[in-house]
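We did not get these values from a lab; they are worked out from the coordinates using the rules stated. What you are looking at is a predicted structure, and each value in this text was computed from that prediction instead of being measured. Heads up, the Cβs are rebuilt from the backbone with ideal geometry, glycines too, and the neighbour counts pull from every protein chain shown.
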């Protein structure tokens, strides 16, 4: 996965501090203990850019092309294919030594109408007299310039409001054979192991992580272990995701984890791969066909 450093900080505007000043300051007493609900909503910057953190862990940014400028990003995303929206998932990072969740991360899966795997980290939350203010590094287009964002209760949503496969739900009785819209099987066994007929969905934009001499031209099998878990954006919440830990891929030793979200759709449960724009990055929807 491509990892590029993005600092998103809550700036002490009254003091005129730069982001570097904030990160290098010995006093971190104003670093906030951030919670998900504080982030959820639309944020608008003083240059007119907007982004939104949704309650189900998705992130949508409008006119954030400057985040993906620079030579080192050219092999990760082609910005000539479309501009404007960028979307992915957000999560709180590991807590500080004193337990505070002051940092978080955003991982993009769609940028400029292309599937990508770009992790931009981190954002830092700081309490100010005016409340939370987010300051985003404008990147190579404007070196050393930061755009300040404030939460905007009156702004229109940035998230497109696409229909979901159902309602996120916690479920533990998931053992059985599940099949997606292509009839590809994912078998979750009661002993916590799994087998999958084809996991090419797990390597979109990250094919270089496949074992040596394995390509995406043919179905890719996988085995490993599975468990239910809270989603990454809400580590203390209900277990609304299934985490697959790969042990073999295409018959070769491998590693890595992938998550699927658990949805309730009518009387059926659906296991969905992660995608913030299914029209660009296909979302595989697994429905139970055989249960013990």
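Here is how the numbers come out for the structure above:
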| read-out | value |
| --- | --- |
| Relative contact order (%) - criterion: Cα under 8 Å, at least six apart; region: segment 167-290 | 26 percent |
| For segment 156-218, convex hull volume per residue from C-alpha positions, Å³ | 165 Å³ |
| Among 149-161, 278-290, the order from most to least packed when residues are scored by Cβ within 10 Å on average | 278-290, 149-161 |
| Two-decimal Rg/Rh across segment 167-290, once Rg and the Kirkwood Rh are taken from alpha-carbon atoms | 0.94 |
| FRET efficiency, 1/(1 + (r/R0)^6) with R0 22 Å, evaluated for residue 155 and residue 127 via beta carbons | 0.45 |
